[in-house]
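Participant: Handing you this structure, nothing more for now.
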Amino acid sequence: MDFTFLASTMVTLLKAVPTTLILFSLSIFFGGLLALVIVSMRVSGNRVLSGFAKGYIFVFRGSPLLIQMFLVFYGLGQFSVIRYSFLWPFLREPMVCAVLSLALCTAGYTAEIFRGGIRAVSPKEIEAARSIGMSGFLLVRRILAPIAFRHALPAYSTEIVLMMKSTALASLVTVWEVTGVAQRLISQTYRTMEVFLCAAIIYLLLNFIILQGMALLEYSLSRHRRAAPQPLKA
């Protein structure tokens, strides 16, 4: 194994990390916002809204992300109403299509994760909040949302890691993130093992940082569950 080539390959791939991080961050941000809308519809009690949310979740959880990305990248331009609209200058960009498809997909998974967190909130805690006059948005902000988020955080951290790995699919719609640059290097050097090894190391490091960050967040949100230190007896 040529370590000089490994070092130069690592440097080249690291230059593509900002693109991967931008793709990942935008997908998580917009997907999270959309997931809040979907889960609100899912638990609203309205049959129409709940049915739409169920259908959305079924479609985006039940179909492969790669096909969804191809449909967004190649399919939207087939509709003249989109091609001649103000959205087309944005939707014809590979990065926008990749972010859109990733966000739509993760929203389906995240909505179900958040719904599980909401269902894990004890009814007694909600009743206690209502007994002291909390209702509506105040109840959601002070009681329901914080507790539900703590319950959903372990599963949500797994979804975030999966989304980081899913950014590799963006290379198939000509977004030059880490995997796309790796494939281009392989086509130039025919050294598949070394290039993909460097790419795998980069993804492992990124996911390690994400997992450590999520672990710290979970630790900070669970202070009330940790026993207070007992004073030493004289």
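The values are calculated or read from the model by the stated rules, or taken from the named source; none is laboratory data. What you see is a predicted model; the values in this text were computed from it and never measured. Ideal geometry is used to build each Cβ from the backbone, glycine not excepted, and the neighbour counts take in all protein chains shown. SASA here: full protein model, heavy atoms, side chains in, ligands and nucleic acids out. Shrake-Rupley method; radii C 1.70, N 1.55, O 1.52, S 1.80 Å.
Participant: Residues to consider are R141, R150; find the one that is assigned to a helix (DSSP H, G or I) and exposed (fewer than 12 other Cβ atoms within 10 Å of the Cβ).
Facilitator: The conditions single out R141.
Participant: Looking at this structure, is F24 within 26 Å of E159 (Cβ to Cβ), touching a residue at least 12 places away in the same chain (Cβ under 8 Å), under 13 Å from the mean Cα position of the chain (by Cα) and open to solvent by 80 Å² or more (accessible area, probe 1.4 Å)?
Facilitator: no
Participant: What are the residues in segment 24-47 that are more than 19 Å from I113 (Cβ to Cβ) and modelled with pLDDT under 95, if any?
Facilitator: Once the filter is applied, which keeps residues that are more than 19 Å from I113 (Cβ to Cβ) and modelled with pLDDT under 95, segment 24-47 yields G45, N46, R47.
Participant: So is A53 in a helix (DSSP H, G or I), in contact with a Ser or Thr (Cβ under 6 Å, 6 or more places away or on another chain) and surrounded by 13 or more Cβ atoms within 10 Å (Cβ to Cβ) or not?
Facilitator: Answer is no for this residue.
Participant: Would a scan of segment 93-115 turn up a residue that is within 24 Å of I57 (Cβ to Cβ) and surrounded by fewer than 15 Cβ atoms within 10 Å (Cβ to Cβ)?
Facilitator: Scanning segment 93-115 turns up no residue that is within 24 Å of I57 (Cβ to Cβ) and surrounded by fewer than 15 Cβ atoms within 10 Å (Cβ to Cβ).
Participant: Report, ordered by the first and then the second residue, all pairs with beta carbons closer than 7 Å, sequence separation of six or more or different chains, a first member in segment 165-185 that is among the hydroxyl-bearing types (S, T, Y), and a second member that is assigned to a loop (DSSP other than H, G, I, E, B).
Facilitator: T167/E177; S171/E177
Participant: Here is a follow-up. Just a yes or no: is a residue in segment 80-88 surrounded by 17 or more Cβ atoms within 10 Å (Cβ to Cβ) and among the aliphatic types (A, V, I, L, M)?
Facilitator: No, that holds for no residue.
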